[in-house]
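Comments concern the structure below.
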Amino acid sequence: MPNNKQRIPFRYDIVGSFLRPDYLKKARAAFLDGTITKNELTTIEDQAIIDLIEKQKNAGLYAVTDGEFRRRWWHLDFIAGLNGITVYDFQTTAFGITTDAQGTYVSGPLSFSKDHPFLDHFRFTQKFASPLLAKQTIPGPNMIFLDSLILSKQYNENPIYSSLETFKEDLIKTYQDAIQAFYDAGCRYLQLDDTSWGGLFDDRFRELISNNGLDADQLLNAFQDVTEKCLVNKPADLAVTFHFCKGNFQSHWLYNGSYETIAKNLFSIEAFDGFFLEYDDERSGGFEPLKELKDQKIVLGLITTKKGELEDVSSVEKRIKEASKFVPLNQICLSPQCGFASTHEGNHLTEEEQWAKVRLVVDIAKGVWQDA
């Protein structure tokens with residue numbers, strides 16, 4: 001049997017987040033209201049995560065996560081813990097609904113804090129994951145590059161860096177330090193979630209980028225360069241994967257466009273062991289961009305987390321076969337297209353439907369691959 005590093009990503013895998021149980025949502029609301037303490041909230045989070053890990057084990061997964069149960073957002077909680085970042089509140093209609101949201105902007109020199117709370121969060125997950133792997137998810141570096149700097153009104157009104165190159169140097173060092181810190185904490189399966197690449201092929205965001213004085217096509221090379229340099233010192237026995245979706249907020253999405261625009265640059269990042277890509281609806285396009293893949297694995301997100309209705313098994317198997325025309329079947333894996341709760345609110349399905357989706361991924365993979 002190959003070792004875990006050789007097997008990651010697994011034939012059937014998960015992106016990371018799960019629906020928060022109602023009692024955890026109520027506890028978070030009580031903490032915000034000041035009726036319970038931070039320690040009391042943490043105790044409730046701890047038990048919810050322990051219970052979740054057991055459910056993941058029972059589902060037959062090879063690697064488990066904490067479900068992102070301690071987070072408000074899939075990305076902001078990590079970014080907010082970095083030095084040089086400010087968080088602010090606002091309202092957004094970007095996902096087709098009006099809702100309260102938060103954003104970040106670069107307000108000082110970027111660096112990774114050795115006391116970043118996610119390190120202890122990982123250690124807790126690892127303790128209860130044993131003997132399975134604990135998978136750690138964090139947002140990719142270009143989330144900061146695009147949202148907290150390029151498209152940030154606050155940053156552009158008060159720029160901290162004299163040049164993009166100086167900023168990129170600090171961003172790269174921040175992520176190099178973060179990756180090493182997670183490795184030192186025992187992490188051997190790290191995933192970078194980075195939806196910012198969608199802004200490089202979505203016409204609306206390409207225009208926003210242009211309005212801020214940059215060219216999206218040139219920025220594509222910069223995104224690749226930043227990501228490659230973040231991974232240049234990656235320990236040899238640390239598996240790192242990349243996850244991309246076109247937005248996943250309460251079952252709503254954000255980006256339109258084809259992977260064709262980003263495929264060559266993205267798949268050229270050879271330090272990644274695999275790529276999780278969204279393929280749950282027509283907006284994903286065809287599998288043709290997969291021809292740019294090197295020897296990494298591709299995890300097809302063919303099972304949607306946006307709704308509870310189960311996919312037809314034969315239809316999913318047919319799509320896997322279609323993908324195998326562009327990349328060998330041995331390099332293909334299967335997962336849901338995204339997490340089930342990229343934010344605290346979660347997507348529009350029940351916990352029962354969520355676990356039925358996970359079981360479906362497992363069952364289909366075992367029917368397609370002998371080594372699943």
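The values are calculated or read from the model by the stated rules, or taken from the named source; none is laboratory data. No experiment lies behind these values; they were computed from the predicted model shown. All Cβ positions, glycine included, derive from the backbone under ideal geometry; neighbour counts span all protein chains shown. The protein model used for the area step is the full one, side chains on, heavy atoms only, and it has no ligands, DNA or RNA in it. Shrake-Rupley method; radii C 1.70, N 1.55, O 1.52, S 1.80 Å.
In this structure, does T37 turn out to be out of contact with any strand residue (DSSP E or B) (no Cβ under 6 Å at 6 or more places or on another chain) and either open to solvent by less than 70 Å² (accessible area, probe 1.4 Å) or closer than 16 Å to G346 by Cα (or both)? Answer is no for this residue. Given the structure, is T65 hydroxyl-bearing (S, T, Y) and more than 25 Å from A365 (Cβ to Cβ)? It is false that T65 is hydroxyl-bearing (S, T, Y) and more than 25 Å from A365 (Cβ to Cβ).
Does G301 qualify as being of a type outside the set (S, T, Y), closer than 30 Å to Y23 by Cα and touching a Pro at 6+ places or on another chain (Cβ under 8 Å)? Yes; evaluated as a whole, the condition is true for this residue. Can you pull out every residue in the range 305-362 that is part of a loop (DSSP other than H, G, I, E, B) and among the hydrophobic types (A, V, I, L, M, F, W, C)? L310, F326, V327, C338, F340, A341, L349 - these are the residues of the range 305-362 that are part of a loop (DSSP other than H, G, I, E, B) and among the hydrophobic types (A, V, I, L, M, F, W, C). When D193 is tested against the conditions (1) surrounded by fewer than 21 Cβ atoms within 10 Å (Cβ to Cβ); (2) within 16 Å of the chain's Cα centre (by Cα); (3) among the charged types (D, E, K, R), the lone failure is (1).
Note on the range 60-174: enclosed strands (runs of 3 or more DSSP E) holding 1 or more residues that are touching a residue at least 12 places away in the same chain (Cβ under 8 Å) and under 19 Å from F242 (Cβ atoms) are 136-139. Which pairs do you get when a residue that is open to solvent by 80 Å² or more (accessible area, probe 1.4 Å), found in the range 215-240, comes within reach of a residue that is modelled with pLDDT of 95 or more and not in a helix (DSSP H, G or I), reach meaning Cβ atoms under 8 angstrom, with the pair 6+ apart or on two chains? Hits for this filter: V232/A271. Contact annotation: residue pairs with Cβ atoms under 6 Å, 6 or more positions apart or on different chains, pairing a residue in the range 305-324 that is farther than 13 Å from I364 by Cβ with a partner that is open to solvent by 60 Å² or more (accessible area, probe 1.4 Å) and not in a loop (DSSP other than H, G, I, E, B), are G308/E353. With the structure loaded, tell me whether V327 is surrounded by fewer than 16 Cβ atoms within 10 Å (Cβ to Cβ), out of contact with any His (no Cβ under 7 Å at 6 or more places or on another chain) and either modelled with pLDDT of 95 or more or among the charged types (D, E, K, R) (or both) or whether it fails that test. Taking the combined requirement at face value, the residue does not satisfy it.
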